[in-house]
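Quick notes on the structure that follows.
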Amino acid sequence: MTARDDLVSLNQLAEFARETVSTAGQTTRSALDSNRTLQLALWKSVELTGEAANRVSRECQNRHPAIPWKQMVGLRNRLAHGYDSIDWDIVWKVATVELPAVQHQIAIALEREKARKNDH
């Protein structure tokens, strides 16, 4: 992948993470159990977050080891292929604890990659 592709993927990663955190922040864990639309929204946004992470080159991922790339991609794969056995507690924890904690690292990676591109 080129630096430009990494910037596109990092931007998408940041946006999907923001959308996931925002969606979860507007509701409660108990609502997730009874609201299929909310389940689908969080399911897809967490999945897309992992897909965007997967599209970031290995070289770029290696430059930003504070981001849990492997876990994000692994959850994406689990959601995409294990759709019949989703653990909503895990989805909720990702949306309310893990992604909010990593958003700052994603923003740092994005800024550093922009600067790196401008330096070349």
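We did not get these values from a lab; they are worked out from the coordinates using the rules stated. The model shown is predicted, which means the values in this text are computed figures rather than measured ones. A quick note on method: Cβ atoms are made from the backbone with ideal geometry, for glycine too, and the neighbour counts reach across all protein chains shown.
Below, the figures for the structure above:
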| read-out | value |
| --- | --- |
| Index of the failed condition, Leu40 passing every other in (1) surrounded by fewer than 14 Cβ atoms within 10 Å (Cβ to Cβ); (2) farther than 17 Å from Gly25 by Cα | (2) |
| Unmet requirement for Ala101, which otherwise passes all of (1) among the hydrophobic types (A, V, I, L, M, F, W, C); (2) within 13 Å of the chain's Cα centre (by Cα); (3) surrounded by 13 or more Cβ atoms within 10 Å (Cβ to Cβ) | (3) |
| Criterion (crowded, with 19+ Cβ neighbours inside 10 Å and touching a residue at least 60 places away in the same chain (Cβ under 8 Å)) met by exactly one of Val56, Val94, Val73 | Val94 |
| Top-ranked residue in the range 29-55 [being of a type in the set (Val, Ile, Thr) and in contact with a helix residue (DSSP H, G or I) (Cβ under 9 Å, 6 or more places away or on another chain); ranked as farthest from Leu13 (Cα to Cα)] | Val46 |
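Per-residue answers, yes or no, for (1) surrounded by fewer than 17 Cβ atoms within 10 Å (Cβ to Cβ); (2) hydrophobic (A, V, I, L, M, F, W, C):
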site: Ser45; (1), (2): no, no
site: Arg63; (1), (2): yes, no
site: Ala80; (1), (2): yes, yes
site: Trp88; (1), (2): yes, yes
site: Ile108; (1), (2): yes, yes
